1. Answer with yes or no whether residue 53 is of a type outside the set (S, T, N, Q), more than 12 Å from the chain's Cα centre (by Cα) and exposed (fewer than 13 other Cβ atoms within 10 Å of the Cβ).
2. Mind checking which residues of segment 11-49 are surrounded by 14 or more Cβ atoms within 10 Å (Cβ to Cβ) and more than 14 Å from residue 67 (Cα to Cα)?
3. Restricting to segment 56-77, count the residues that are farther than 13 Å from residue 35 by Cβ and at pLDDT 95 or above.
4. Pairs please, first residue from segment 34-52 and free of Cβ contacts under 8 Å to residues at least 24 places away in the same chain, second anywhere and open to solvent by 40 Å² or more (accessible area, probe 1.4 Å), Cβ atoms under 8 Å, 6+ apart in sequence or on different chains.
Amino acid sequence: MAGFLDRAKEQAQRGIAQGKEKMEEVQAQRAGNDLLRRLGAAYYAEQNGTGSAQEVQRALAAVQEHVAQNGDGFLKS
């Protein structure tokens, strides 16, 4: 009986770890999408004369940093 409980506990722990990993992936993807929206808004504002090139560069740097930390998977979806 103890062996069964040990296996069940291991499976539960693996499931929890996989769930956490998936949640982190989803959160990183959402953050990346938000950064892309900000970049687009900064570029649009610059093109319309209400924004600046510095805002676009800051937004682009934020996207590049996110890609460096989390990969570019959010760009493909």
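The values are calculated or read from the model by the stated rules, or taken from the named source; none is laboratory data. The structure presented is a predicted model; accordingly, all values stated were derived computationally and were not measured. Glycine also receives a Cβ, built like all others from the backbone with ideal geometry; neighbour counts cover every protein chain displayed. Surface areas here come from the heavy atoms of the whole protein model, side chains and all, with no ligands, DNA or RNA. Shrake-Rupley method; radii C 1.70, N 1.55, O 1.52, S 1.80 Å.
1. Taking the combined requirement at face value, the residue satisfies it.
2. 38, 41, 42, 43, 45, 46
3. Selection size over segment 56-77: 1.
4. 42/55; 42/58; 45/55; 46/53; 46/55; 51/43; 51/44; 52/46
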